Amino acid sequence: MSGLGRYQEMSRAAAASVIGCYSTSFGAATRLLARPERERIRDVYAMVRVADEIVDGPAAAAGLDAGEVAERLDRFEREVFEGIGTGFSANPVVQAFARTARECSLDPEHIRAFFRSMRADVETSDYSGERLEEYIYGSAEVVGLMCLDVFLAGPSGPDAAACGRPAPARTAVHRQALGDGARHLGAAFQKINFLRDLAEDREDLGRDYTGVRSEEEKARAVEDIRRDLSIAAHSLPGLPVSPRTGVTAAYLLFSELTDRIAATPAARLSTARVRVPDAVKVRIVASAVLKARRGGPERELLTRHPALAEDAS
């Protein structure tokens, strides 16, 4: 193995360790992916998580003021684009993400939108109206689109020969429908996290993304999440088998979390974080494997989505 190859392998291992430290739910879902997609999704998660940590407390806890936090975020964004441009970064997480961005042709505008939302966490505490929509787009929907780019890129290099399957051709309508599902699923995940992190966001970070304080406000927020999840569910069958299984697991885990939030009094959401017990997660992951693999070929499954059915007819 070349020196660069060894460095890239180390970088991917570093990215994998990030998701292991921060998310049991996404970690469990990524384990259901085939190797190329699994490694690349972990690369995306690691970059997103490090940026999120810059603005969500650790930097401030280390003694940086708001201006210094913003400067570190700007520096990290520059590192990301320099790594994509040159193929090398001294930051292992950036190196891993840059490799995936180059291999999967991630849209630079999606990456910029993500950093704009991270910057908003430093610059504002007002997330009302259009500002909240813009924030959710940048912080979550474009992450879903980046993951979709990974899933549709297909394996490359040695993985392509081992996998033995090229990426199937898709029409613009197919891609649009899958992108719509990815955006709504990302938005749902973010809105769920808004509700489960109410206490931390308000007490520790001085942020209030949702304004939820009453049972009626919580019910409306949950209804909005379930609408996003429903739209996303229509597109799940259109994914290739490997990502379909992993994404279905994430979808089911967060659907369960939504049900638990709906059953939790609004007053308690402001003081405690809702979670899914590990035993329930195991059952959900097993269910996801069965649900995702029960269907037929991808072309047949695509016809279940209204927009895809029209294109397939």
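Taken together, the residues in the range 18-37 that are in a helix (DSSP H, G or I), touching a residue at least 12 places away in the same chain (Cβ under 8 Å) and more than 12 Å from the chain's Cα centre (by Cα) amount to 7. Applying the criterion of being modelled with pLDDT of 85 or more and among the acidic types (Asp, Glu) to the residues of the range 202-247, the residue that is nearest to the chain's Cα centre (by Cα) is Asp228. Restricting the range 89-129 to residues that are small (Gly, Ala, Ser) and outside any helix (DSSP H, G or I) leaves a set whose member that is nearest to Glu68 (Cα to Cα) is Ser125.
Among the residues of the range 120-147, those identified as closer than 22 Å to Asp224 by Cβ and hydrophobic (A, V, I, L, M, F, W, C) are Ala120, Leu132, Ile136, Ala140, Val142, Val143, Leu145, Cys147.
Which members of the range 228-252 meet the condition of being out of contact with any Cys (no Cβ under 9 Å at 6 or more places or on another chain) and within 15 Å of Ala140 (Cβ to Cβ)? Scanning the range 228-252 gives Asp228, Leu229, Ile231, Ala232, Ala250, Tyr251. Please verify whether the range 284-306 includes one or more residues that are surrounded by 13 or more Cβ atoms within 10 Å (Cβ to Cβ), of a type in the set (Asp, Glu) and modelled with pLDDT of 90 or more. So far as the range 284-306 goes, no, none of its residues is surrounded by 13 or more Cβ atoms within 10 Å (Cβ to Cβ), of a type in the set (Asp, Glu) and modelled with pLDDT of 90 or more. Could you count how many residues in the range 211-220 are buried (at least 20 other Cβ atoms within 10 Å of the Cβ) and either touching a Phe, Trp or Tyr at 6+ places or on another chain (Cβ under 6 Å) or among the aliphatic types (A, V, I, L, M) (or both)? Residues meeting the conditions: 1.
Within the range 48-57, is even one residue more than 19 Å from Gly20 (Cα to Cα) and assigned by TED's automatic domain parsing to the domain that holds Asp107? Yes, some residue in the range 48-57 is more than 19 Å from Gly20 (Cα to Cα) and assigned by TED's automatic domain parsing to the domain that holds Asp107.
Put simply, of Ile261, Ile284 the only residue that is out of contact with any Lys or Arg (no Cβ under 9 Å at 6 or more places or on another chain) and hydrophobic (A, V, I, L, M, F, W, C) is Ile284.
The condition (being in a loop (DSSP other than H, G, I, E, B) and either modelled with pLDDT of 95 or more or not charged (D, E, K, R) (or both)) is satisfied by just one residue among Leu64, Leu132, Leu73: Leu64. The C-beta contact set for the range 258-281 (first residue part of a loop (DSSP other than H, G, I, E, B), second residue among the hydrophobic types (A, V, I, L, M, F, W, C) and surrounded by 16 or more Cβ atoms within 10 Å (Cβ to Cβ), distance under 6 angstrom, 6+ apart or interchain) comprises Thr264/Val274; Ser270/Leu198; Val274/Ile261; Val276/Leu257. For the structure I just gave you, tell me whether Glu130 is assigned by TED's automatic domain parsing to the domain that holds Val18 and either more than 20 Å from the chain's Cα centre (by Cα) or without any contact (Cβ under 8 Å) to a residue 60 or more places away in the chain (or both). Yes.
Look at Val93 and say whether it is closer than 18 Å to Glu53 by Cα, touching a residue at least 60 places away in the same chain (Cβ under 8 Å) and crowded, with 23+ Cβ neighbours inside 10 Å. For Val93, the condition - closer than 18 Å to Glu53 by Cα, touching a residue at least 60 places away in the same chain (Cβ under 8 Å) and crowded, with 23+ Cβ neighbours inside 10 Å - is met.
The values are calculated or read from the model by the stated rules, or taken from the named source; none is laboratory data. Just so you know, these numbers come straight off a predicted model, no measurement behind them. Neighbour counts are summed over all protein chains in view; Cβ atoms, including those assigned to glycine, are modelled from backbone coordinates with ideal geometry.
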